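So the structure is just underneath, and the comments pick up after that.
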Amino acid sequence: MTSPHASVSTPPFDELLPGTRRALLHRIAVAQSEGRAPSLVAGVVRDGRMVWSGSRTSVDGHGPDADVQYRIGSITKTFTAVLVLRLRDEGLLDLGDPLEKHVPGTAAGSATIAQLLCHTAGLAAETPAPWWERTPGDSRPELTDVLGEQPYLHPAGRLHHYSNPGYTLLGSLVEALRGVSWEEALRREILEPLGLDRTTTRPVAPHAGGWAVHPWADVLLPEPSQDLGLMAPAGQLWSTVSDLCRFAVFLAQGDERVLSAESVAEMRAPAVAPEAGGWDGGYGLGLQLARSEGRELAGHTGSLPGFVASLWVSVVDGVAAVALVNATSAPMGMLAADLVRIVAEAEPRLPEPWRPLPEVDNELLALTGPWYWGTQSYGLRLTADRGVALAPLRGNGRAARFTATGDGTWIGLDGYYRGETLRVVRRPDGSVSHLDLGSFVFTREPYGPDATAVPGGVDPEGWRGV
């Protein structure tokens with residue numbers, strides 16, 4: 001199909017090697033054939049640009065392109081989460097706030113916003129009957145109809161239990177604080193700034209129809225397409241491969257018009273412990289997390305009657321992929337992850353060239369080199385933007401990167417020391433005594449002669465033999 005939208009621009013496919021393109025096409029061909037999907041369309045992003053798209057279909061001559069809409073189901077939740085993080089970044093809420101503070105009168109008011117975002121509020125997975133995905137949204141006109149008489153199934157904060165009603169509550173939160181509908185906030189704050197003009201709450205041609213495929217015969221049944229009403233923030237959206245590839249770039253890099261890179265990275269960070277036996281997956285703030293063949297991925301899958309969708313991003317590889325299918329039960333959840341793997345393995349990302357720092361800060365340079373926590377040796381090195389990195393010189397230990405705060409201290413960015421403060425402690429004459437990292441002392445010598453730097457002191461007789 002030809003796109004009627006001149007603004008949609010697809011880079012030439014030859015940016016990937018021919019062998020890589022062939023491998024991608026083979027993977028989606030196998031998926032469409034073995035998954036018995038009426039149609040399948042997919043795309044790959046590398047380093048911020050869509051570099052490949054392809055499709056397979058059961059109807060000769062009618063293959064969808066990257067501008068054909070499919071329903072994306074729960075990928076909608078990631079858009080809703082972005083709206084909530086925007087409210088947080090503007091100071092209109094805190095993620096630790098109970099919902100009651102902003103949306104009073106619900107039966108789930110004690111749940112915090114963070115718990116709703118990462119599905120740890122303990123709420124039920126679904127609404128009370130009838131099945132909300134196949135019934136009109138106006139059959140649940142109030143939040144009480146969405147939550148039912150017993151909204152909580154588990155103690156809040158104890159475990160991850162995926163909840164569609166939880167995202168209805170987050171949509172209502174957005175409406176309460178913005179004073180406009182969830183749909184209007186979505187359009188103004190995400191879709192328009194990112195240029196996602198083919199992402200809509202209702203289908204806009206060209207779009208695929210949703211189908212159920214009989215489990216024991218190669219025959220089809222059309223699926224209904226309902227307006228989900230209050231449940232829209234959990235799964236309403238229709239989108240295209242082109243738009244979702246743009247959205248994937250945003251999820252990897254951020255965009256100051258919508259959400260900073262730091263806040264998007266916060267969304268990608270694990271917010272809950274994985275369930276027992278589920279160490280290859282987790283959840284952040286509106287994003288699913290997965291480890292596939294050793295590769296860390298962030299994104300989301302989605303399904304509604306007639307459709308299955310997946311979007312996965314590997315930030316380390318600079319690669320993302322999207323796959324959209326118009327079949328109810330097609331086993332396609334990790335297809336996009338496979339497309340990421342194919343590109344990342346066939347054409348590994350080139351490392352950035354080494355470059356010296358733009359200037360020399362001799363005071364910082366004097367801090368580099370070996371330091372000792374007790375008797376364990378660490379090395380301190382400078383990084384860009386006046387940051388530092390501290391890591392054991394031998395064996396395992398607590399390594400971390402730190403960013404400068406502007407007041408002569410550094411804040412940990414990862415690992416055990418995330419959020420902890422590293423500072424230089426000086427003697428009265430201005431010389432460096434030791435480093436203080438969250439009260440841990442790092443000295444230039446292992447239990448050296450400057451005993452005042454070491455809590456508890458050092459034996460005055462010093463080191464000795466047996």
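Bear in mind that the values in this text are calculations on the coordinates, not laboratory data. Everything numeric in this text was worked out from a predicted model, so none of it was measured. When we count neighbours, we look across all protein chains shown, and the Cβ atoms used for this are built from the backbone with ideal geometry, even at glycine.
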### Summary
Between R22 and R418, Cβ-based FRET efficiency (R0 45 Å, step 0.05) works out to 0.60
#### Entry: Label point distance in nm, E363-S33, each placed 7 Å from Cα along Cα→Cβ
6.7 nm
### Task
Find the percent of Cα-Cα distances in region 230-316 that exceed 22 Å, and round it to a whole number.
30 percent
### Task
Describe numerically, in nm with one decimal, the distance between label points set 7 Å from Cα along Cα→Cβ at Q376 and at E90.
4.5 nm
### Summary
Ranking T201, L24, L311 by how far each Cα lies towards the positive end of the charge dipole of the chain (+1 on Lys and Arg Cβ, -1 on Asp and Glu Cβ), the top one is L24
### Cβ charges +1 (Lys, Arg) and -1 (Asp, Glu), total dipole of region 362-453, debye
220 debye
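From the Cα gyration tensor of region 362-453, with a ≥ b ≥ c the square roots of its eigenvalues, which class applies: rounded if a/c is under 1.5, or else prolate if a/b is larger than b/c, or else oblate?
Verdict is oblate for region 362-453.
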## Note on the structure
Rounded to one decimal in Å, the inverse mean reciprocal Cα-Cα distance for the chain, i.e. its Kirkwood radius, is 24.7 Å
### Task
Take each of the peptides 195-203, 29-37, 387-395, 64-72, average the number of other beta-carbon atoms within 10 Å over its residues, and list them starting from the highest.
64-72, 195-203, 29-37, 387-395
### Task
Treating only the Cβ atoms of Lys and Arg (+1) and Asp and Glu (-1) as charged, compute the dipole magnitude of region 400-466 about its Cα centre; round to the nearest 20 debye.
160 debye
### Message
How large is the translational diffusion coefficient of region 124-275 in µm² per second when you combine the Kirkwood radius over alpha carbon pairs with Stokes-Einstein at 25 °C and 0.890 mPa s?
### Response
138 µm²/s
### Query
Which one of G448, S39, P331 is farthest out on the positive end of the charge dipole of the chain, using unit charges on Cβ (Lys, Arg +1; Asp, Glu -1) and the Cα centre as origin?
G448
### Query
From the Cα gyration tensor of region 113-154, with a ≥ b ≥ c the square roots of its eigenvalues, which class applies: rounded if a/c is under 1.5, or else prolate if a/b is larger than b/c, or else oblate?
prolate
### Query
Hey, what did region 344-466 get for relative contact order, percent, Cα under 8 Å, at least 6 apart?
15 percent
### Query
In nm, to one decimal, how far is the E345 label point from the D255 one, both placed 7 Å along Cα→Cβ?
3.2 nm
### Pairwise FRET efficiency - D429 versus V454, Cβ, R0 = 25 Å, nearest 0.05
0.85
### Message
Suppose only helical runs count, i.e. DSSP H with n ≥ 4. What mean residue ellipticity at 222 nm does that imply for the chain under -39500 (n - 2.57) per run, divided by all residues and rounded to the nearest 500 deg cm²/dmol?
### Response
-6500 deg cm²/dmol
### Query
Among 42-53, 344-355, what's the highest-first ranking by average C-beta atoms within 10 angstrom per residue?
42-53, 344-355
### Summary
Mean separation of Cα contacts under 8 Å (at least 6 apart) over the residue count of region 13-346, i.e. the relative contact order in percent, is 25 percent
### Message
Just want to confirm a number: the relative contact order over region 205-347, from Cα pairs under 8 angstrom separated by 6+ residues, in percent.
### Response
21 percent
#### Entry: Cleavage-rule hits, GluC sites (Glu not before Pro), region 255-318, DSSP coil, Cβ neighbours within 10 Å at most 15
E256, E275, E293
### Signed unit charges on C-beta, dipole axis of the chain, positive-most listed residue N164, G415, H300
G415
### Task
Counting other Cβ atoms within 10 Å, keep those with at most 10, restrict to DSSP loop, and tell me which chymotrypsin sites (Phe, Trp or Tyr not before Pro) in region 218-290 are left.
W279
### Query
What does the charge dipole of the chain about its Cα centre add up to, to the nearest 20 debye, if the Cβ of each Lys and Arg holds +1 and the Cβ of each Asp and Glu holds -1?
680 debye
